[in-house]
Amino acid sequence: MKNKDCYFCSNNINYIDYKNVDLLKKFISESGKILAGRTTGTCAKHQRKLKKAIKRARIMALLPFVARITR
């Protein structure tokens, strides 16, 4: 997702819904970690909202805390 402009700013998205798992998966690594704003291109404001939404989705069991890595 390496873009210079913020995905949420360019698409005029104000609220990041924790139930939108497909969108949240774009900002999570293969191992299940939240990707940094430098990597994804999100601005600081939306990176904070994204972090909150991902953590909320994990608590609600919509996203795994750690993804299994097969070797």
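The values are calculated or read from the model by the stated rules, or taken from the named source; none is laboratory data. Computed from a prediction, not measured in an experiment: that's the story for all the values here. So basically every Cβ, Gly included, is an ideal-geometry build from the backbone, and we count neighbours across all protein chains shown.
Figures for the structure shown
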item: Tally of residues being farther than 20 Å from residue 7 by Cβ and not in a loop (DSSP other than H, G, I, E, B) across region 33-71; result: 2
item: Residue count for region 1-24, restricted to those that are closer than 19 Å to residue 64 by Cβ and either at pLDDT below 95 or hydrophobic (A, V, I, L, M, F, W, C) (or both); result: 4
item: Single condition residue 63 does not satisfy, out of (1) out of contact with any His (no Cβ under 9 Å at 6 or more places or on another chain); (2) at pLDDT 95 or above; (3) surrounded by 16 or more Cβ atoms within 10 Å (Cβ to Cβ); result: (2)
item: Residue that is nearest to the chain's Cα centre (by Cα), among those in region 6-50 that are of a type in the set (Phe, Trp, Tyr) and surrounded by 14 or more Cβ atoms within 10 Å (Cβ to Cβ); result: 27
